[in-house]
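The values are calculated or read from the model by the stated rules, or taken from the named source; none is laboratory data. All figures in this text were calculated on a predicted structure; none of them were measured in a lab. So basically every Cβ, Gly included, is an ideal-geometry build from the backbone, and we count neighbours across all protein chains shown.
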Amino acid sequence: MKPNNFCSCFCSLLLFFAVLLSSGAVQAADVSLTYANFPPASTFPCVQMERWKKEVEARTQGKVSVQTFPGSTLLNAKNMFEGVQQGIADIGCLCMSYQPGVFPMTTVVEQPVGFTSSKAATAVLFDLWKKYQPKEFANVKVLALFATAPTNIMSTQAITSLKDLNGLELRASGGAAKVLELLGAVPVSMPMSETPEALQKGLVKGLLSSLEVLKDFNYAESCRHVAVINAQVYPFAVVMNKDKWDALPQDVQKVFDDLAKEQSLWTGEYMDKHVTEAIAYAKEKYSESIYDFTPAQLQKIAQKLSPMPHKWLEDAKAAGLPAQEIMNEMLTLKKSYSRQFDQ
Ligand code: DTR
């Protein structure tokens, strides 16, 4: 090829790629974000993470790309909040219960007030956060908030009365650990990601958590018994590094903001459905026995757990929060969202 021909060929090629890029046909993302999560990819915090990634990439027409890190590959359950603030990950999913004292306001939903679904608890948590804009999230941008389905006991031995709980080592975290203590069990505190090993080694005889883990961690295999007490729920937040948020183009910020409540409720709905599926799975594969505590037993449990909201009120007041108002607002919202979602 003559040098002249080569030159014009090369220039045409350059022009072709320039046109392609400007037309958006081949568009590199303008914004790349990392998103860390602590439990394995198959669990609900990661399922919702992948859904958020998909929605964001579609709604920004590829302008944003999100790289996800499930299974504590970037940050773990305990350093998630700090890690996001330090910029180790741009976005992170955390469970408020794993860091006692750090989230004095949003842990109000952790109190045993009788939530019956993840979706209703999620809607309540989201509205409370929106209304009170608590200081605990002042250094980050909140992208979603959700709560688990109510917690129940999964164990290697049958539990059909409070007596059966006496001295039994069970795993829980935060508010759930307090539940176990008040019911006479021995709470062993650890994040969910450390629980499979503890069960395997026999360090604990079961756990208090939402029941979708029967399937997602296959706890049904070792814990063939469930005691239904619908104790309380665990609150979660998805947070973003503040500087990264501030640097986002406005149209991208709008996409994230518009998605926040929808994503939160989507997660609640996903979880409620997944709990039903997990129970069916455990029954079919492991003949899981499910014991429903009687109304009289549940009343006794409620009595035993009654110090918990009082303690929350004291702690929240000491943290400078309008504690009683928040508690009352939670109960009002709970009533209306339970009517809307749990019938
Ligand atoms: N119940 C809390 C939170 C929780 C429930 N399901 C999962 C799955 C993966 C991680 C955390 C959770 C707990 O027991 O830690």
Worksheet item: Which condition number in (1) in a helix (DSSP H, G or I); (2) over 18 Å from Thr151 (Cβ atoms) is the one that Leu321 fails?
Response: (1)
Worksheet item: So, of the residues in segment 37-60 that are buried (at least 16 other Cβ atoms within 10 Å of the Cβ) and of a type in the set (S, T, N, Q), which turns out to be nearest to Leu214 (Cα to Cα)?
Response: Thr43
Worksheet item: Which pairs do you get when a residue that is on the phi < 0 side of the Ramachandran plot, found in segment 157-179, comes within reach of a residue that is exposed (fewer than 14 other Cβ atoms within 10 Å of the Cβ) and part of a loop (DSSP other than H, G, I, E, B), reach meaning Cβ atoms under 9 angstrom, with the pair 6+ apart or on two chains?
Response: Asp164/Gln157; Asp164/Ala158; Leu168/Gln157
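Here's the yes/no breakdown for (1) of a type outside the set (Gly, Ala, Ser); (2) more than 24 Å from Ser42 (Cα to Cα); (3) at pLDDT 95 or above:
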residue	(1), (2), (3)
Gly101	no, yes, no
Thr116	yes, no, no
Leu145	yes, no, yes
Ser155	no, no, yes
Leu180	yes, yes, yes
Fill in: Neighbours by Cβ (under 9 Å, 6+ apart or cross-chain): first from segment 189-203, over 20 Å from Met80 (Cβ atoms); second buried (at least 19 other Cβ atoms within 10 Å of the Cβ) and of a type in the set (Phe, Trp, Tyr)
Leu199/Phe217; Leu199/Tyr219
Practice prompt. Answer with yes or no whether Ala172 is at pLDDT below 95, in contact with a Pro (Cβ under 6 Å, 6 or more places away or on another chain), within 12 Å of the ligand (Cβ to nearest atom) and within 24 Å of Asp272 (Cα to Cα).
Written response: yes
Item to complete: Working only within segment 131-172, note down all residues that are β-branched (Val, Ile, Thr), out of contact with any Ser or Thr (no Cβ under 8 Å at 6 or more places or on another chain) and closer than 27 Å to Arg51 by Cβ.
Response: Val140, Val142
Worksheet entry | Sole exception among (1) closer than 14 Å to Lys141 by Cα; (2) more than 21 Å from the chain's Cα centre (by Cα) for Phe256, by number | (2)
Worksheet item: Checking Gly87 against (1) on the phi < 0 side of the Ramachandran plot; (2) surrounded by fewer than 17 Cβ atoms within 10 Å (Cβ to Cβ); (3) small (Gly, Ala, Ser); (4) modelled with pLDDT of 95 or more, which single condition isn't satisfied?
Response: (1)
Worksheet item: Within the group Lys63, Lys78, which residue is under 27 Å from Asp251 (Cβ atoms), surrounded by fewer than 21 Cβ atoms within 10 Å (Cβ to Cβ), touching a residue at least 24 places away in the same chain (Cβ under 8 Å) and charged (D, E, K, R)?
Response: Lys63
Practice prompt. Could you please tell me which pairs satisfy a Cβ distance under 8 Å, a separation of 6+ or placement on different chains, a first residue in segment 325-343 that is under 11 Å from Leu128 (Cβ atoms), and a second residue that is modelled with pLDDT under 95?
Written response: Lys334/Gly114
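Let's see how each residue does on (1) at pLDDT below 95; (2) polar (S, T, N, Q); (3) crowded, with 18+ Cβ neighbours inside 10 Å:
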residue: Ser287; (1), (2), (3): no, yes, no
residue: Met308; (1), (2), (3): no, no, yes
residue: Asp315; (1), (2), (3): no, no, no
residue: Ala318; (1), (2), (3): no, no, no
residue: Ala323; (1), (2), (3): no, no, yes
residue: Asn328; (1), (2), (3): no, yes, no
residue: Leu333; (1), (2), (3): no, no, yes
residue: Phe341; (1), (2), (3): yes, no, yes
Worksheet item: Looking at (1) surrounded by fewer than 24 Cβ atoms within 10 Å (Cβ to Cβ); (2) more than 16 Å from the ligand (Cβ to nearest atom), which is the only condition Leu199 fails?
Response: (2)
